[in-house]
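Peer 1: Right, I'll just put the structure down here and ask away after.
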Amino acid sequence: MLLGVIADDFTGASDIANTLARGLPGRGGLRTAQFLGVPRASAPANIEAGVVALKSRSIAAGEAVAQSLAALDWLLAQGCGQIVFKYCSTFDSTPEGNIGPVGEALARRLGVAGVVACPAFPTMGRTVYQGHLFVRDRLLNESGLEHHPITPMTDADIRRWLARQSRDPVGLVAWQTLSAGPASLRAALDQAAAHGERLVIVDAIRDADLVTIAEACREDVLITGGSGVALGLAENFIRRGAVRGGAQTVAGVAGPEAILAGSCSGATRGQIDRHIGGHPSLPIDVDAVMAGGVTADQLAAFLLAEAGRAPLVYSSATPQQVRSLQQRYGRERVSGTLDALFGEVAVKLVAQGVRRLVVAGGETSGAVASALDLGALTIGPEIDPGVPVLVSQGERPVALALKSGNFGGPDFFEKALQRLEGQ
Ligand SMILES: Nc1ncnc2c1ncn2[C@@H]1O[C@H](COP(=O)(O)OP(=O)(O)OP(=O)(O)O)[C@@H](O)[C@H]1O
Ligand SMILES: O=C(O)[C@@H](O)C(=O)CO
């Protein structure tokens, strides 16, 4: 394994695994596998990039650091010479962390400073300019992300936001410096390191900027950011002759299907609205769940009975509904209860023969994937930007689409089920 990724959630992990497996257009990428948590065993020998998916985005900072350092140890033991810490392209975090604490801990363990921190993902409209994060034409804190149920993002100045989470000073390389080319960026990062800046926000507004970052950082042992920072990383290995590149092929999986949505993002709610028009769908009554009146058996029975017709179960709700549920029951309690419920439903579905599973939401996907405990997942074709087909190994493989809340086109659910089948 040449390159290792530590991802702070499961959908984010498949987002960057997708980027690494695809590489630059016409050049191809790395043979990539996604691991759910830190594996106990060594990785399969033919893997060039390994992505360790943690569920560390919104847990206590100390625990996130411990898990991330354990992932680092495992990746280094597999032979990785370059590590990427992957977080959300909308910088999802709280004033306490976990991007700063984890990024700094990894940098200290590896003995480096002047480390890139760049969440930009221009294909999805996430750009960074003068240290400010935009989601399409809105500043982050006016983009809807200020209503996120777990990590409301209330400041678009991500250098200032990251500084609140960090022990060391946070640097900034503005687009004017980056756009002068890799050597200019390299010099700025080296200077930042000399000034004791451990993490450095780097502007990027186009894919070409992300390729500049990859070129400037080809020898860096640590890079941090969204999946965009990985755009040119496979190419570095191809150019130096360490890997062949080219397209990776992964067979689809046929069989019963189900869709689970716990994401409350605008994109997911739009996808649900579109889907419920033509498919069997069951909204989860969250008050009833909290009162113990809805069971995983009931939800699984609905999905199994409707298999073949792309059935959907969802808890997704508007920001106002989410706020009032959180006020009634407590934010962590309601999220924890729903996440556990989705995990339990998924286990029952797979035990009863479901082979294709689409899950919307990072936390929700984390709960589902952890409960299923599927081992290494190979990365198949891209469904929509940032969302690949994932296929488990073994005699009865399960194909998964783990969709980040804000990703995917309006018809994502149906499209994903087709792609999981190999269509
Ligand atoms: N109706 C609801 N009320 C309150 N919380 C909810 C409700 N439905 C889901 N949740 C919780 O909100 C959280 C949604 O987070 P999740 O990460 O799954 O989606 P997301 O934030 O849209 O996706 P991503 O992290 O990929 O951007 C989950 O923990 C889920 O349990
Ligand atoms: O970077 C992104 O936007 C996604 O991969 C993600 O992590 C959303 O949860």
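Peer 1: Do the sum for the chain: with -39,500 (n - 2.57) for every DSSP H run of n ≥ 4, divided by all residues, what is the mean residue ellipticity at 222 nm, to the nearest 500 deg cm²/dmol?
Peer 2: Calculated from helices alone, the mean residue ellipticity at 222 nm is -11500 deg cm²/dmol.
Peer 1: If we count every other residue with Cβ under 12 angstrom of T224's Cβ, Lys/Arg +1 and Asp/Glu -1, where does the sum land?
Peer 2: -1
Peer 1: OK, next. Mind listing the long-range amide H neighbours of G375? Cut-off is under 5 Å, sequence gap 5 or more, other chains count too, H placed in the peptide plane at 1.01 Å from N.
Peer 2: Here L36 satisfy the definition.
Peer 1: Same structure again: Heavy atoms only, probe 1.4 angstrom, no DNA, RNA or ligands counted: give me Y129, Y314 ranked by accessible area, highest first.
Peer 2: Most to least solvent-accessible, the answer reads Y129, Y314.
Peer 1: Rounded, prolate or oblate: which fits region 257-420 when a ≥ b ≥ c are the square roots of the eigenvalues of the alpha-carbon gyration tensor, with rounded for a/c under 1.5 and prolate only if a/b beats b/c?
Peer 2: It is prolate, given that a/c is not under 1.5 and a/b is the larger ratio.
Peer 1: Using θ = phi - 60° and the Karplus form 6.51 cos²θ - 1.76 cosθ + 1.60, what ³J(HN,Hα) does each residue of region 162-179 get, whole Hz, x for Gly and Pro?
Peer 2: Karplus values, whole Hz, x for Gly and Pro: 5, 4, 5, 9, 10, 8, 8, x, 9, x, 9, 10, 6, 4, 4, 6, 4, 6.
Peer 1: What angle do you read, to the nearest 10 degrees and between 0 and 90, between the alpha-carbon axis of helix 10-22 and the longest principal axis of the chain?
Peer 2: Tilt relative to the chain: about 60 degrees.
Peer 1: Can you give me the Cα centroid spacing of region 206-225 and region 343-408 in angstrom?
Peer 2: 29
Peer 1: Moving to a separate point now. If packing is taken as the mean number of other Cβ atoms within 10 Å per residue, what is the order of 275-287, 240-252, highest first?
Peer 2: Top of the packing list down: 275-287, 240-252.
Peer 1: Another question, then. For region 73-81, just list the computed ³J(HN,Hα) in residue order, Karplus coefficients 6.51, -1.76 and 1.60, θ = phi - 60°, integers in Hz, with x standing in for Gly and Pro.
Peer 2: 4, 5, 5, 5, 5, 7, x, 5, x
Peer 1: Let me check something: with ligands and nucleic acids excluded, how do T212, T337 order by accessible area (1.4 Å probe), largest to smallest?
Peer 2: Solvent-accessible surface, decreasing: T337, T212.
Peer 1: Where only protein heavy atoms count, and the probe is 1.4 Å, what is the accessible area per residue for region 257-420 in Å²?
Peer 2: So region 257-420 comes to 38 Å² accessible per residue, rounded to a whole number.
Peer 1: Still on this structure, please answer the following. Which of the peptides 1-14, 114-127, 36-49, 382-395 is most tightly packed, and how do the rest follow, going by the mean number of other Cβ atoms within 10 Å of each residue?
Peer 2: With the highest mean Cβ count within 10 Å placed first, the list reads 1-14, 114-127, 382-395, 36-49.
Peer 1: Using +1 at the C-beta of Lys and Arg and -1 at the C-beta of Asp and Glu, which of T378, G28, A61 has the Cα lying farthest in the positive direction of the dipole of the chain?
Peer 2: My answer, from the dipole projection, is G28.
Peer 1: Give the carbon-plus-sulfur fraction of the accessible surface of the chain in %, rounded to a whole number; probe 1.4 Å, heavy atoms of protein chains only.
Peer 2: Reported share for carbon and sulfur atoms: 50 percent.
Peer 1: Given axes a ≥ b ≥ c from the Cα gyration tensor, I'd like to know whether region 354-423 is rounded (a/c under 1.5), prolate (a/b larger than b/c) or oblate.
Peer 2: The shape class here is oblate.
Peer 1: HN-Hα J couplings of region 221-228 from phi, Karplus 6.51/-1.76/1.60, θ = phi - 60°, integer Hz, Gly and Pro as x?
Peer 2: Using θ = phi - 60°, the values come out as 7, 9, 9, 10, x, x, 5, x Hz.
Peer 1: Next question, about the same structure. In Å, what Kirkwood hydrodynamic radius results for the chain from the alpha-carbon pair distances?
Peer 2: Taking every pair of different Cα atoms in the chain, averaging 1/r and inverting gives 21.3 Å.
The values are calculated or read from the model by the stated rules, or taken from the named source; none is laboratory data. What you are looking at is a predicted structure, and each value in this text was computed from that prediction instead of being measured. So basically every Cβ, Gly included, is an ideal-geometry build from the backbone, and we count neighbours across all protein chains shown. Side chains are part of the model used for accessible areas, which takes the heavy atoms of the whole protein and leaves out ligands, DNA and RNA. Shrake-Rupley method; radii C 1.70, N 1.55, O 1.52, S 1.80 Å.
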